[in-house]
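The values are calculated or read from the model by the stated rules, or taken from the named source; none is laboratory data. As the structure is a computational prediction, the values presented were derived from the model and not from experiment. Using ideal geometry, Cβ is built from the backbone for each residue, glycine included, and neighbour counts are taken over all protein chains shown. SASA here: full protein model, heavy atoms, side chains in, ligands and nucleic acids out. Shrake-Rupley method; radii C 1.70, N 1.55, O 1.52, S 1.80 Å.
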Amino acid sequence: MDWIYNPWPWYVSGPLIALVLFLLLMVGKRFGMSSNLRTICTICGAGKTTDFFRFDWKAQRWNLVVVLGVIIGGFIANTFLSVDNSVSINPKVASELQSKGFNSAGMEYMPDMLFSNEALTDPKVLFLLIIGGLFVGFGARYAGGCTSGHAISGLSNLQIPSLIAVIGFFIGGLTMVHFIFPLIF
């Protein structure tokens, strides 16, 4: 079971991702997660009020199965296959994050400062999570897809808009980490 507990090497996971994308390309499908929100809203009846949600959602059932698989797979991996939740990050990065108040840096994937049950009672953290979620949701729709859709599917299809979006994601992430994040914390 050690092979499943540890991250797979790039020469195994990379070709597997490429194979999945090749198969999706052959059957005329595109991979992405943010488009599922549109599908779910359509299922719930949002098409009655907005044209954006008027489309044949049944053609996207396969992608909803992917989302369900991600949720179930994440639960199984976290509950049954996680031996060690520590993150292998550079010690300098861990100490810098700890100096900014992230005491669990390098010990967990999700910092307690933002994602523990106690943190959700802090109005500042709750506000930041809500605003961040709105920005991510708006940005994904404005960019025509999320990071997984553009970086994995769009780039593999050699789409220039996806290349521009991925460059924008990196610029936005670097701006957030180096300029905005220090102002917030």
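Our note on the geometry: Cα centres of the range 1-19 and the range 84-110, 24 Å apart.
Membrane-span-like helices in the chain, defined here as complete DSSP H runs extending at least 30 Å along the helix axis by their C-alpha atoms with mean Kyte-Doolittle hydropathy no lower than 1.6, are absent; this is a sequence and geometry rule, not a statement about a membrane. Name the lysines eligible as straight-distance cross-link partners of Lys92: C-alpha to C-alpha under 17 Å, and not fewer than 8 places from it in the same chain. Counting by Cα, and skipping residues close in sequence, Lys92 has these lysines nearby: Lys100. Counting Lys +1, Arg +1, Asp -1, Glu -1, what net charge surrounds Phe185 among other residues with beta carbon under 10 Å of its beta carbon? Local net charge: +2. Measuring r between the beta carbons of Met107 and Ser13 and using R0 = 30 Å, the FRET efficiency lands at 0.75. Between Val65 and Ile89, the contour length at 0.36 nm per residue exceeds the alpha carbon distance by 5.4 nm.
The gain in end-to-end length when the Val20 to Thr49 segment is fully stretched comes to 6.9 nm, 0.36 nm per residue minus the alpha carbon separation.
Cross-link reach is defined here as a Cα-Cα straight distance under 18 Å, omitting same-chain residues fewer than 8 places apart; for Lys48 the lysines meeting it are Lys58.
By accessible area of protein heavy atoms, probe 1.4 Å, what ranking do Asp112, Asp84 get, highest first? Mind showing how you got there, number by number?
Details: Asp112 75, Asp84 105 Å².
I get Asp84, Asp112, largest accessible area first.
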